[in-house]
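Heads up, the thing below is written out as structure tokens.
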Amino acid sequence: MILMIDLDGVLADFNQHFAALLLRQTGRQPTGLLDCWDWPLACGYTKEEETAAWANVTLPSSRFWYSCPDLPDTCDVLIRLESLRLAGHHIYFVTSRVGQMAKRDSEEWFDLRSFIHPTVIVTSQKARILKALRTDIAIDDKPSHCLAMAAAARNEKLDTRVYIVDAAYN
């Protein structure tokens, strides 16, 4: 079996981590819930503040992706994934994280959680990866990624099951 799993919003709590970065940079708490895709703007931050935060994320020295906190149950999920991997299944973590250090920081994020030598692919072209890997199961939190992956699986006549994470923002 080949599994393709996103990181942010599936295993890592990007929203809380990015909100903390915005707080450090602006000195202001979000004015609303992190319950939509464009939550920084919906929560009172300007486009310039959001852009500045993203610029910080992409700095090699920021280690933003490495220090991203877990979502609840991430440790249990990683234990189950390790069991699957040891049983011969292939697990690919496919993420659209940005920055020069996104791949290395993501790999080290897994190492920190005792999931050694993960296969991390950094791309926003998840449907292409799904087709190339001939993925059996794909898990993501972004509706547009899930729709594109499901369409790619149909077009390629793959028996891929695509799952979306149930989150307030999607």
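Considering only residues that are of a type in the set (A, V, I, L, M, F, W, C) and in contact with a Ser or Thr (Cβ under 8 Å, 6 or more places away or on another chain), look in the stretch 153-167 and name the one that is surrounded by the fewest Cβ atoms within 10 Å (Cβ to Cβ).
158
Please find, among 116, 137, the residue that is among the β-branched types (Val, Ile, Thr), surrounded by fewer than 19 Cβ atoms within 10 Å (Cβ to Cβ) and modelled with pLDDT under 95.
After applying the criteria, what remains is 116.
Any residue at all in the stretch 96-106 that's within 23 Å of residue 34 (Cα to Cα), free of Cβ contacts under 8 Å to residues at least 12 places away in the same chain, surrounded by 13 or more Cβ atoms within 10 Å (Cβ to Cβ) and of a type in the set (A, V, I, L, M)?
No; the residues of the stretch 96-106 include none that is within 23 Å of residue 34 (Cα to Cα), free of Cβ contacts under 8 Å to residues at least 12 places away in the same chain, surrounded by 13 or more Cβ atoms within 10 Å (Cβ to Cβ) and of a type in the set (A, V, I, L, M).
Check off (1) under 17 Å from the mean Cα position of the chain (by Cα); (2) without any contact (Cβ under 8 Å) to a residue 40 or more places away in the chain for residue 63 and give me the number that stays unchecked.
Every condition holds for residue 63 apart from (2).
For the stretch 65-83, does any single residue satisfy the condition of being assigned to a loop (DSSP other than H, G, I, E, B), within 30 Å of residue 159 (Cβ to Cβ) and hydrophobic (A, V, I, L, M, F, W, C)?
Checked the stretch 65-83: at least one residue is assigned to a loop (DSSP other than H, G, I, E, B), within 30 Å of residue 159 (Cβ to Cβ) and hydrophobic (A, V, I, L, M, F, W, C).
For residues in the stretch 53-95 being aromatic (Phe, Trp, Tyr) and out of contact with any His (no Cβ under 8 Å at 6 or more places or on another chain), which is surrounded by the most Cβ atoms within 10 Å (Cβ to Cβ)?
65
When both residues are 6+ apart or on different chains and their Cβ atoms are under 6 Å apart, which pairs have a first residue that lies in the stretch 71-89 and is under 11 Å from residue 5 (Cβ atoms), and a second that is modelled with pLDDT of 95 or more and in a helix (DSSP H, G or I)?
Filtered contacts from the stretch 71-89: no entries.
Please give the number of the condition residue 131 fails out of (1) of a type in the set (D, E, K, R); (2) in contact with a helix residue (DSSP H, G or I) (Cβ under 8 Å, 6 or more places away or on another chain); (3) more than 23 Å from residue 161 (Cβ to Cβ); (4) open to solvent by 20 Å² or more (accessible area, probe 1.4 Å).
The number of the failed condition is (3).
Any residue at all in the stretch 4-18 that is outside any loop (DSSP other than H, G, I, E, B), among the aliphatic types (A, V, I, L, M) and surrounded by fewer than 16 Cβ atoms within 10 Å (Cβ to Cβ)?
No, there is no match, as no residue in the stretch 4-18 is outside any loop (DSSP other than H, G, I, E, B), among the aliphatic types (A, V, I, L, M) and surrounded by fewer than 16 Cβ atoms within 10 Å (Cβ to Cβ).
For the condition at pLDDT 95 or above and at positive phi, what is the one hit in 97, 63, 104?
Only one candidate qualifies: 63.
May I ask you to verify whether residue 162 is in contact with a Cys (Cβ under 6 Å, 6 or more places away or on another chain), in contact (Cβ under 8 Å) with a residue 12 or more places away in the chain and in a strand (DSSP E or B)?
yes
Only residues in the stretch 24-47 that are under 15 Å from residue 168 (Cβ atoms) and surrounded by fewer than 16 Cβ atoms within 10 Å (Cβ to Cβ) count as the first member; pair them with residues that are at pLDDT 90 or above and not aromatic (Phe, Trp, Tyr), Cβ under 6 angstrom, at least 6 apart or cross-chain, and list the lot.
Between residues of the stretch 24-47 that are under 15 Å from residue 168 (Cβ atoms) and surrounded by fewer than 16 Cβ atoms within 10 Å (Cβ to Cβ) and residues that are at pLDDT 90 or above and not aromatic (Phe, Trp, Tyr), the close pairs are 32/42; 32/43; 36/42.
The values are calculated or read from the model by the stated rules, or taken from the named source; none is laboratory data. Quick caveat: nothing in here was measured; it's all calculated off a predicted structure. No Cβ is skipped: glycine too gets one built from the backbone with ideal geometry, and neighbour counts run over all protein chains shown. What goes into the accessible areas is simple: the full protein's heavy atoms, side chains included, and nothing from ligands, DNA or RNA. Shrake-Rupley method; radii C 1.70, N 1.55, O 1.52, S 1.80 Å.
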